[in-house]
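Asker: I'd like to ask you about the structure that follows.
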Amino acid sequence: MNASSADNPAQAGSVDFRASLHPWNRYVALGDSFTEGVGDPEPRSPGGLRGWADRVAEELSVGHGDFAYANLAVRGRLLHEILEEQVGPALALKPDLITVNAGGNDLIFHRSDPDDLALQLDAGIQALATTGATILLFAGPDWGATPVLGRARGKVAIFNENLRIIASRHDVVIADLWALRQLTNPLMWDPDRLHFSPLGQHTIAIMVLDTLNVPHSLEPLIPKALPGRGWREARADDIVWAREHLFPWVLRRLTKRPYDVELHAKRPEPGPVFGAGMPPGAFVGIDPRNLTDPT
């Protein structure tokens, strides 16, 4: 399903939706903060977040008057929590398109075994596959250049290879974040270096739509290269990032504070993508000002 650029008519910028409408009418997204859209604030969106899944749903809704979208993702969830809390509700919604991301929090913060995680995920995908829906899985990104998080690079790579086996077993589509080398640009990331900025979310949405072979109106944005920095400046930035973002995040995951348990999905019921004041087809583009201040 993921054709090459030369053969794929669904390239970024294609707007001839009448020529090749997609077959889906009900899209359900499962996952953690990545799918919830953390790093891409938007007051007009449910939960105050937009994210790649919303951006994909916006494009899929064009030309489909009865298209519905639900997002069950909850930040901080581990793989077993996603399977236990989200698979059942997803099945009840009877989707014909499902996206799943899971396992990142396990690998990064809990040093989980990628083979054990794959066994759990395989069972969850098998259950979702009973719907007959198209299922899209995400291979994890390459955190190799990120201090501390880069230590999990090998496990993420192993997990990604396991995902390809799962995809083959269940006829699932893979959206490969590791191969999306645009994500090596710092502008694609939120300052916490854990989540993606609006530009990163936009870039991922393009990849998902292209992987699904869907014509869309999203244009790739090529950010300006950041000026070079000396090693002292880079090390100072790393120390500030660890103090303000990494350590508090790890502490929350280890202590499992009560407010984490109270989090819930931002779009638990399928419904129209666009609310009041945002008619179908009204794409909300990226404000260039967000490229320098993504939060």
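Asker: Within the stretch 113-153, can you find the residues that are over 21 Å from Thr35 (Cα atoms), modelled with pLDDT of 95 or more and not in a loop (DSSP other than H, G, I, E, B)?
Answerer: Selection gives Asp115, Asp116, Leu119.
Yes/no matrix, rows are residues, columns are (1) under 22 Å from Gln201 (Cα atoms); (2) in contact with a Ser or Thr (Cβ under 8 Å, 6 or more places away or on another chain); (3) in contact (Cβ under 8 Å) with a residue 60 or more places away in the chain:
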{"residue": "Arg44", "(1), (2), (3)": "yes, no, yes"}
{"residue": "Arg55", "(1), (2), (3)": "yes, no, yes"}
{"residue": "Ala68", "(1), (2), (3)": "yes, no, yes"}
{"residue": "Glu81", "(1), (2), (3)": "no, no, no"}
{"residue": "Arg111", "(1), (2), (3)": "no, no, no"}
{"residue": "Ala118", "(1), (2), (3)": "no, no, no"}
{"residue": "Ala145", "(1), (2), (3)": "yes, yes, no"}
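Asker: Tell me which residues, restricted to the stretch 147-162, are closer than 22 Å to Val208 by Cα and either out of contact with any Pro (no Cβ under 8 Å at 6 or more places or on another chain) or free of Cβ contacts under 8 Å to residues at least 24 places away in the same chain (or both).
Answerer: Those that are closer than 22 Å to Val208 by Cα and either out of contact with any Pro (no Cβ under 8 Å at 6 or more places or on another chain) or free of Cβ contacts under 8 Å to residues at least 24 places away in the same chain (or both): Ala157, Asn160, Glu161.
Asker: Taking the residues in the stretch 23-78 that are in contact with an Asp or Glu (Cβ under 8 Å, 6 or more places away or on another chain), among the polar types (S, T, N, Q) and farther than 19 Å from Leu137 by Cβ as candidates, determine which candidate is least open to solvent (accessible area, probe 1.4 Å).
Answerer: For the stretch 23-78, the residue satisfying everything is Ser45.
Asker: If you go through the stretch 163-181, how many residues are in a helix (DSSP H, G or I) and touching a residue at least 24 places away in the same chain (Cβ under 8 Å)?
Answerer: Looking only at that region, the number is 7.
Asker: In the stretch 176-194, which residue that is touching a strand residue (DSSP E or B) at 6+ places or on another chain (Cβ under 8 Å) and within 11 Å of Pro141 (Cβ to Cβ) is surrounded by the fewest Cβ atoms within 10 Å (Cβ to Cβ)?
Answerer: It comes out as Ala179.
The values are calculated or read from the model by the stated rules, or taken from the named source; none is laboratory data. What you see is a predicted model; the values in this text were computed from it and never measured. Cβ coordinates were reconstructed from backbone atoms using ideal geometry, including for glycine residues, and neighbour counts include every protein chain displayed. Only protein heavy atoms, including side chains, enter the accessible area calculation; ligands, DNA and RNA are left aside. Shrake-Rupley method; radii C 1.70, N 1.55, O 1.52, S 1.80 Å.
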